[in-house]
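S.K.: Take a look at this one; I'll ask things after.
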Amino acid sequence: MLETLLDSTHWSGLMAQVVLVGAWLGVVGVISESLYLTKSVSVEITRKIVHIGAGNVILLAWWLHTPAWMGIAASLLFSLVALLSYWLPILPGINSVGRTSLGTFFYAVSIGLLTATFWEGSPEFTMLGILTMTWGDGMAAIIGQSLGRHRYTVWDMTKSWEGTSTMLLVSFGVSLGVLSIVHGLTPTIAAIALLTALTATFLESFARWGLDNLTVPLGSAFLAYGLWQWWG
């Protein structure tokens, strides 16, 4: 342990990972602020572009074999930043001051929880949960707002069948892709992916106050893991 802490190569590798991840998030941040300032698209579309772009950092972390503690530390940091952004004008392209939804905070928390739970032994389930949240929910909002014509209401929220269908299809594609890369494409994997996508779509449709950024990734990852343990 002490040798690892004193190993300059070890720390150089970690610093390189921090720089690469920071650079990616910096690019996402610059794009979001540019879209916000130029008003090229709506604030909500800008938020979802960031939602998708930031989530893809998990693929970079997987490729770099980033240790779990770094992901958890980043989650804690961004959770704090997300909370402060509700009172301070931090990255207004992502959060507006006084916004009632805690979606950005839940987004950061879910990444930390999934990293702490699965990253060391079964990182594919961390990736599945995060990418289902980022791509599924993100694309559902973008398609729903731009192409949604057939509306329905859940609680006090207006949804569209186009957006919900996108959530289902993207969630299935993400789940199938992640699990197939690690465990191979089999009927069992396809069944797990389908059940995971159906559950994620249900959770996204009925969540309020941004809770889908917590329920979708956690529900998807834990369900897929449980089904894999049962059927795999």
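The values are calculated or read from the model by the stated rules, or taken from the named source; none is laboratory data. Predicted, not measured: the structure shown is a model, and the values here were computed from it. Virtual Cβ from ideal backbone geometry, glycine too; neighbours counted across all protein chains shown. For the accessible areas, the whole protein counts, side chains as well, though only heavy atoms, and no ligand, DNA or RNA atoms are used. Shrake-Rupley method; radii C 1.70, N 1.55, O 1.52, S 1.80 Å.
S.K.: Would you confirm whether or not segment 141-154 contains a residue that is polar (S, T, N, Q) and within 26 Å of L76 (Cα to Cα)? Give the derivation first.
M.R.: Residues of segment 141-154 that are polar (S, T, N, Q), as a first pass: 145-146, 153.
Retained after the next criterion (residues that are within 26 Å of L76 (Cα to Cα)): none.
No, segment 141-154 contains no residue that is polar (S, T, N, Q) and within 26 Å of L76 (Cα to Cα).
S.K.: Another one. Taking segment 1-44 on its own, how many of its residues are of a type in the set (A, V, I, L, M, F, W, C), more than 20 Å from V109 (Cα to Cα), at pLDDT below 75 and open to solvent by less than 60 Å² (accessible area, probe 1.4 Å)?
M.R.: 4
S.K.: Name every residue in segment 170-187 that is over 19 Å from P123 (Cα atoms) and buried (at least 16 other Cβ atoms within 10 Å of the Cβ), in order of residue number. Talk me through it step by step, then tell me what you get.
M.R.: Start the filter on segment 170-187 by keeping residues that are over 19 Å from P123 (Cα atoms), which leaves 170, 186-187.
Within segment 170-187, just V170 meets the criteria.
S.K.: Answer with yes or no whether S180 is of a type in the set (S, T, N, Q), in contact (Cβ under 8 Å) with a residue 24 or more places away in the chain and either farther than 21 Å from I52 by Cβ or assigned to a helix (DSSP H, G or I) (or both).
M.R.: Working: of a type in the set (S, T, N, Q): yes; in contact (Cβ under 8 Å) with a residue 24 or more places away in the chain: no; either farther than 21 Å from I52 by Cβ or assigned to a helix (DSSP H, G or I) (or both): yes.
In short, no.
S.K.: Could you tell me which of the residues L223, L211, L203 is under 19 Å from the mean Cα position of the chain (by Cα), more than 20 Å from A116 (Cβ to Cβ) and open to solvent by 30 Å² or more (accessible area, probe 1.4 Å)? Explain how you work it out, then say what you get.
M.R.: Values: L223 fails: more than 20 Å from A116 (Cβ to Cβ); L211 fails: more than 20 Å from A116 (Cβ to Cβ).
From the options L223, L211, L203, the qualifying one is L203.
S.K.: Also, quick follow-up: Of (1) open to solvent by 60 Å² or more (accessible area, probe 1.4 Å); (2) touching a Ser or Thr at 6+ places or on another chain (Cβ under 7 Å); (3) at pLDDT 95 or above, L194 satisfies all except one. Which?
M.R.: (2)
S.K.: For segment 134-147, give me the residue count where each residue is among the polar types (S, T, N, Q), at pLDDT below 90 and within 13 Å of the chain's Cα centre (by Cα). Quick ask: steps written out before the conclusion?
M.R.: Applying the first criterion (among the polar types (S, T, N, Q)) to segment 134-147 yields 134, 145-146.
Now restrict to residues that are at pLDDT below 90: 145-146.
Now drop any that are not within 13 Å of the chain's Cα centre (by Cα), which leaves none.
Residues that pass the stated criteria total 0.
S.K.: Residues in segment 86-108: is at least one modelled with pLDDT of 85 or more and either open to solvent by 40 Å² or more (accessible area, probe 1.4 Å) or over 30 Å from A193 (Cα atoms) (or both)? Give the derivation first.
M.R.: Start the filter on segment 86-108 by keeping residues that are modelled with pLDDT of 85 or more, which leaves 105-108.
So of that shortlist, the ones also either open to solvent by 40 Å² or more (accessible area, probe 1.4 Å) or over 30 Å from A193 (Cα atoms) (or both) come out as 105.
Checking segment 86-108: at least one residue is modelled with pLDDT of 85 or more and either open to solvent by 40 Å² or more (accessible area, probe 1.4 Å) or over 30 Å from A193 (Cα atoms) (or both).
S.K.: Listed residues L194, L168; which is in a helix (DSSP H, G or I) and more than 21 Å from H51 (Cβ to Cβ)? Steps first, answer last, please.
M.R.: Details: L168 fails: more than 21 Å from H51 (Cβ to Cβ).
After applying the criteria, what remains is L194.
S.K.: In segment 46-59, what residues are over 14 Å from A23 (Cβ atoms) and crowded, with 16+ Cβ neighbours inside 10 Å? First the steps, then the outcome.
M.R.: Kept after step one, since they are over 14 Å from A23 (Cβ atoms), are these residues of segment 46-59: 46-52, 55, 58-59.
Passing the criteria: T46, R47, K48, I49, V50, H51, I52, G55, I58.
S.K.: Further question: Scan W155, W62 and give me the residue that is open to solvent by 40 Å² or more (accessible area, probe 1.4 Å) and at pLDDT 85 or above. Spell out the reasoning first.
M.R.: On the way: W155 fails: at pLDDT 85 or above.
Step by step, each of W155, W62 is checked, and only W62 is open to solvent by 40 Å² or more (accessible area, probe 1.4 Å) and at pLDDT 85 or above.
S.K.: Please give the number of the condition H150 fails out of (1) in contact with a His (Cβ under 9 Å, 6 or more places away or on another chain); (2) farther than 23 Å from F105 by Cα; (3) modelled with pLDDT under 95.
M.R.: The number of the failed condition is (1).
S.K.: List pairs: first residue in segment 195-209 and under 21 Å from L179 (Cα atoms) and aliphatic (A, V, I, L, M), second residue open to solvent by 70 Å² or more (accessible area, probe 1.4 Å) and assigned to a helix (DSSP H, G or I) anywhere in the structure, Cβ distance under 9 angstrom, at least six positions apart or on different chains.
M.R.: A197/L169
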